[in-house]
Amino acid sequence: MRGTPVRGLIPLVVLLVLWEVLGDPASPYFPPPSTWVDGVSPLVESDRLLPAIGDTSLTFVLGLFIATVLGSLVGTLVGASRPVDRALSPSLEFLRALPAASLVPVAALVLGYTAQMKLVVVVLPAMWPILLTCRSARRSLSPVLLDTPRTLGLSGWDRMTKVLTPALLPAVLLGVRVAAPLALIITLLVEIVTRVNGLGAALGAAQSSFLSAQVYGLLTIAGVLGFVVNWVVTRAETAVSRRMRGTT
Amino acid sequence: MISCDDLSVTLPGANGPVNILSGVHLRVAKGEFVSVLGTSGSGKTTLLRVLGGLQSATGGRITCDGVDIAGPPDGVVTVFQDYAHSLLPWRTVRRNVALGIEKLDKTERDSRVDEALAMVGLSERDGEYPWRLSGGMQQRVQIARALAMRPRVLLMDEPFGALDAMTKASLQDQLQQVAELTGTTVVFVTHDVEEAVYLSDRLVVLSGSPANIGLSLDVPLPRPRDQIATKERADYLELRHEVYAALGHKVGERASG
Amino acid sequence: MISCDDLSVTLPGANGPVNILSGVHLRVAKGEFVSVLGTSGSGKTTLLRVLGGLQSATGGRITCDGVDIAGPPDGVVTVFQDYAHSLLPWRTVRRNVALGIEKLDKTERDSRVDEALAMVGLSERDGEYPWRLSGGMQQRVQIARALAMRPRVLLMDEPFGALDAMTKASLQDQLQQVAELTGTTVVFVTHDVEEAVYLSDRLVVLSGSPANIGLSLDVPLPRPRDQIATKERADYLELRHEVYAALGHKVGERASG
Amino acid sequence: MAERVNVLGAAVFVFGLGLWELLVRTGLLTFTYLPPPSEVAVGLGELLGNGELGTALGHTLFAALTGWAVAGLVGVAAGSVLGLVRPVWTYSMASLEALRALPIVAFVPVAVLLFGFSVQTEIMVAFYAALWPILLNTINGMRTEGRLVETGRVLKLSRAAVLWKIQLPAATATIVVGLRLGLSTSLVLTLVAEMVGNPAGLGFLLVTKGQALQPGQMFAAVFVIGVTGIILNGLVMGAARLAFRGQLASAGEA
Amino acid sequence: SDDGDPRTLRIAHNSNAAALPVQVAMAEGIFAKHDLKVEFTKVENIGTLPGTLGRSFDIALSVPTTVIAAAQQGIPVTQVSGATIDVQDNPTGFVIGSKKSGVTDIKQLAGKTLGVLTETGTTHIATKAWLKQEGVDPASVKIVQVDGPAQADQLAAGRVDAVETVMPFATGILADPNAVNLGDPYLELAPELSAILWIAKQDFAARNADVLKDFRASLDEAEEFITGNDEKARAVLKDYTGLPDAAIKAAKLPTYTTEIRPQDMTVWLAAMREADGFTGDVDLDALVTSAD
Ligand SMILES: Nc1ncnc2c1ncn2[C@@H]1O[C@H](COP(=O)(O)OP(=O)(O)OP(=O)(O)O)[C@@H](O)[C@H]1O
Ligand SMILES: Nc1ncnc2c1ncn2[C@@H]1O[C@H](COP(=O)(O)OP(=O)(O)OP(=O)(O)O)[C@@H](O)[C@H]1O
Ligand SMILES: O=C([O-])O
Ligand SMILES: [Mg+2]
Ligand SMILES: [Mg+2]
């Protein structure tokens, strides 16, 4: 599988063109795409857009990164050991189901209204897909593949870096693909809820001021942000999968 | 050096746990070459996995140099029957062979890899990925990887099973030479009676269900052995005969008589 | 019934495309049993994949009953060399064997599965998952699956490679009997010269790089053959001798002389 | 069935609750917003007593499970097509990737406009949230090992039979992971939709209990949400083990 | 009832005490007496309500800033009744500082963190205007949104230095000895100001003037009832807010009014222009439906 071809954007473009042509330019709820640029221009003029994109990107990417590290570690651990899996699963399952919005005040009590607080709230749900895909990939690894480095006397570290990590990498990246939009959603949600810096804060403000063209403009920017990260991860995943062809 | 006493192994099965091995006593001396024979499914692979520290026994005691085996002991390397799964598909042949010796400095490592690849006749294919190789080639990569480690003990599970007669003979002799030169202890699972007799100091046959060692036979043929000279010896032919008979096999016996 | 003319196959390699087979001419008549020999990596598996319609040739013409092969033809079943990857891990042994005949009604299907499992000696393990079986057992499940299909043409890639001598002999005879009874055409890749001579009407040897058929030898031993009687015949021993010689192998020749 | 009850996991969970209670009792944690488990238990009793909890839970479960089930059908079907039919993948995957990147929470107000304050809004959100993990995992699971597909061809299975008997079962373990992910995501986003959109269900219950200065009841709702997550996941895994015994056993999940 | 019976009103409001008159009117049969049927929906997030008028609801509780912003974006809503009014001896808005953070006066907010209910909300616009009046640059105050129930903890924990809030949260926050009430930001804009009101879609209001008149009349009667029957009224309040008994007992009810006060809209628009850089042109006349 190669990277996702750009041709695949055709249906989306058709949809947007239809919206532009058939949409009512005066609609307060569904302004056509051509109005979106004007919608966000006040933010550009007041120099608020770029910092907002920066703040959101930072939380999103950093959150996703931490979630990836934690998710693959915990996922590998619970995938490798049934007792650990049984001990941790219900608690993890419980935490996962908690809505981010009700975690915000709790996290804020401990960390204040800071970027770290945003990170904590983002990491928990975002690590879940990575944890689960990693866990199931670890479970279905061939025992012979796992025995090989042991019999060759590789140290624990070498077993992890030279065998386990490459073998689980495709699964981790699949998990990251699923987690990326989730991390973005939660980042925006936390920003909407707290109005702590970022696109979500701008989005929330625009929404409560009924600036729908600005809302769509900001959503598009957020969407592009998510798409770019997705695209990078997908590229990485396809490149890795191709190298792993023997196993897949 | 390797010994197991009253070894038993139970594995999960569709209808509850199954007792695979029971009451197995085996002692392999340093530098000894022991072959393990037995019908398909008798438990040879399981026994080898226990000796290699890859599978824990349900009962009995297994030691290597007097130390209880828990995990693969240093210098004990297993060559797996399932070669397809034991090669890392993301590494080239060369890097697969180097996997166990990457702590060595580059010159030493390279020379060992080159040597091992030459032994198995794959010097030319060192840049290839394993999934582009034929079955027999993959098996040889695995053997090369084990040889590059220069192990004290080699546990080999049907290592030459997927090889044609000529390649097999050549590898048998390479193995024989290496073992003799370095004093390597070898436990060798095979289906090939002639190969077992030709290579071994002793051969054991797993039989029964749960399996244990039904026959143990010394092979006092002089070393070094030779594919032509040894196989023409009367005592070689007699031993072969004896093993076939013990396996209840009327064919090889007569056909070669 | 199966024929290939001037067949050539090129596969991708680390340093660009590699020409594996070139100028292969092979004709297998209906009901004929042809063995394919050759050193490890010579292209036996590749040839079998082309005949089975699993791999398209780069050049030449391949037909089955006069029809160009594009995809596996009806009634042609391949038994793969790497049995570990060819079984569906989520299906029990019984359901793996039934995979190709699920369109049949239940009674017929069950009786065919039972029969096939009995032939390979796995009747007792029919409820087990394949990953709980030993290597040789997995290989036998794959053979049973092919036999249950009652194919016109069987393409077998080292089907008895992981089996001990006794199980192997028993399966050889089962196969022989089935082929004779049903007029099945068999192309059989093996490393075992004695097996090839014992089973075949004709054997061919792949050699060279790119490989083509270097030797083609008729085996005019009378049928039905017998593990004891046939292998005692002078012409059997002579043929065996001849093949070993052609393979450049001095050992088998003398050892059995 | 008895050994399926996860005593160890429950013990760890209860230990966590105990630790929290201890922290509050020793005065290390003193927040009115975040009550100790004992107070949450009282709140839980009150919510159970007046029947609010049952109604809200029923509503949320209905919305989340409906959205999830539809996403399961659509995701597995579309994922199979995308995973198996090259041109469809080529000409639509990038659009899906772009749509997937859109933050659904921000669309809740729009969904409220389209569907009003109705359960449809929540079902839409639950569907959208669950669709992606199921879709991606299905597409990924459809990359069946080449040899298995060849086995199907060799045994002359029809294209449909190869799909049904080989490719889908081979993808099952992966799809089940997608379904589990989809389930928790749809539950969580249904709650978000209830918190900011349709005023019903557990999401609204916890907002309104917060506004009513009843932190015990509010966190009782949060607790119920978490436990619901555990139970739903257990049910999905249990059902999957029953329905796909072999697939899960071979994936080490039995 | 856009498409059904105009005398059946679908009403949306939140847990605010401002909604007490409609609930009392319902409970006491006052609506029925005026030949009105009503259906209530409690929605905590009333910011989304303007868009739902005419679809899900006929009448909704709202705030002036929302009405102005919505109208400016072409969403045709209009005030159809007053709800509450802040007067000097009965304020409903609060800015509360923390002694620990050194905020005991509005001027000390510069450089501090202020927890607000909604950044775009009425209370915050008023606070910003107030800050400006006091010579503090609102941009120098760091704003975070903190949900009412969480405000007390966040202030006590020092996560915010001051909060801007309403009833009933103010009671709990002020219970902390470190908390200091800095004043009601609404009353800094005008001596009397309405900050909560009832809205409907403009065309609905135009078509159903008589219904709305009955609606207001019902609320007026309900207000009288509240004044005369404190205990009963508080029982209703408890019923729809779910507040604990202590909070119900301690609650100070706001001053109710059904009066539509165009002058208040003018004050709010000015405050938005002044404090929020609001630049749009709004026809304030359309935003109020004349009472007669
Ligand atoms: N992972 C496993 N789980 C459960 N049972 C197993 C497992 N592996 C092997 N067995 C069972 O243990 C028995 C012995 O298997 P083993 O692989 O040791 O046989 P073997 O002698 O090596 O056979 P072969 O010559 O066919 O490789 C068999 O009955 C097999 O079904
Ligand atoms: N998938 C592949 N891609 C590229 N090259 C391949 C592939 N499979 C096999 N080859 C190459 O083709 C050649 C012939 O391989 P093939 O598997 O046909 O040999 P074989 O005669 O069956 O050997 P063996 O007896 O070891 O199984 C080898 O050089 C091998 O490296
Ligand atoms: O609230 C969420 O976790 O999406
Ligand atoms: Mg074995
Ligand atoms: Mg081959």
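The values are calculated or read from the model by the stated rules, or taken from the named source; none is laboratory data. Predicted, not measured: the structure shown is a model, and the values here were computed from it. So basically every Cβ, Gly included, is an ideal-geometry build from the backbone, and we count neighbours across all protein chains shown. These accessible areas exclude ligands, DNA and RNA; they are computed on the full protein's heavy atoms, side chains included. Shrake-Rupley method; radii C 1.70, N 1.55, O 1.52, S 1.80 Å.
Brief remarks follow.
- For the residues D:L57, D:L155, D:L136, a GNM of chain D with alpha-carbon springs under 10 Å puts the largest fluctuation on D:L155.
- Packing-based ranking, highest mean first, of A:158-167, D:183-192, D:7-16 given that Cβ atoms within 10 Å are counted: D:183-192, A:158-167, D:7-16
- At R0 = 56 Å, FRET efficiency that the Cβ-Cβ distance of E:Q133 and A:V6 yields, to 0.05: 0.50
- Contact order relative to length of chain A, as percent, for alpha carbon pairs under 8 angstrom and 6 or more apart: 29
- Cα long-axis angle, helix A:100-111 against chain A (0 to 90 degrees, to the nearest 10): 80
- Here the protein assembly as shown carries DSSP beta bridges of which approximately 55% are antiparallel, counting only pairs with both residues inside.
- Between the range D:164-215 and the range A:12-35, the Cα center-to-center distance that results, in Å: 31
- Averaged over the residues of peptide C:153-165, the number of Cβ atoms from other protein chains lying within 10 Å of each residue's Cβ is 4.
- Helix A:82-97 and the long axis of chain A differ in direction by around 10°, with both axes built from C-alpha atoms.
- What the Cβ-Cβ distance of E:K100 and B:T182 gives, at R0 = 56 Å and to the nearest 0.05, is a FRET efficiency of 0.15.
- Taken as Cα centroids, the range D:54-122 and the range A:171-226 sit 17 Å apart, rounded to the nearest whole angstrom.
- Between the range E:1-68 and the range B:205-242, the Cα center-to-center distance that results, in Å: 97
- Reach of E:K232 by Cα under 19 Å, taken over aspartates and glutamates that are not fewer than 8 positions away in the same chain: E:E28, E:D220, E:E221, E:E223, E:E224, E:D245
- Rolling a 1.4 Å probe over the protein heavy atoms leaves C:Y129 with an accessible area of roughly 20 Å².
- Extending 7 Å from the Cα toward the beta-carbon at both B:W131 and B:D105 defines two label points whose distance is 3.8 nm.
- Whether chain B is rounded, prolate or oblate, judged on the alpha carbon gyration tensor where a/c under 1.5 counts as rounded: oblate
- FRET efficiency for C:N15 and B:K30, using Cβ-Cβ distance with R0 set to 25 Å, rounded to 0.05: 0.05
- Across peptide C:35-41, the mean count of Cβ atoms from other chains lying within 10 Å of each residue's own Cβ comes to 6.
- Once C-alpha pairs closer than 8 Å and six or more residues apart are averaged by separation and normalised to the residue number of chain C, the relative contact order reads 24 percent.
- Shape call, the protein assembly as shown: gyration tensor on alpha carbons, a/c limit 1.5: prolate
- Given D:K209/E:K128; C:K44/D:K156; E:K107/E:K238; B:K231/C:K30; D:K209/E:K112, the pairs whose alpha carbons are separated by over 28 Å: D:K209/E:K128; E:K107/E:K238; B:K231/C:K30; D:K209/E:K112
- Phi angles of the range A:165-175 translate, via the Karplus equation with coefficients 6.51, -1.76, 1.60 and θ = phi - 60°, into HN-Hα couplings of 4, x, 6, 9, 3, x, 5, 4, 5, 4, x Hz per residue; Gly and Pro are given as x.
- Anchor E:K142: aspartates and glutamates whose Cα lies under 19 Å away (excluding residues fewer than 8 positions away in-chain): A:D47, A:D55, A:E191, E:D105, E:E119, E:E134, E:D153, E:D161, E:E164, E:E274, E:D276
- Percentage relative contact order, the range E:103-219, counting C-alpha pairs under 8 Å, at least six apart: 29
- Per-residue shielding of C:222-231, expressed as the average number of other chain Cβ atoms within 10 Å of the residue Cβ, stands at 2.
- Prolate/oblate/rounded label for the range B:122-177 (Cα gyration tensor, a/c 1.5): oblate
- Angle in degrees between helix D:37-49 and the longest Cα principal axis of chain D, rounded to the nearest 10: 80
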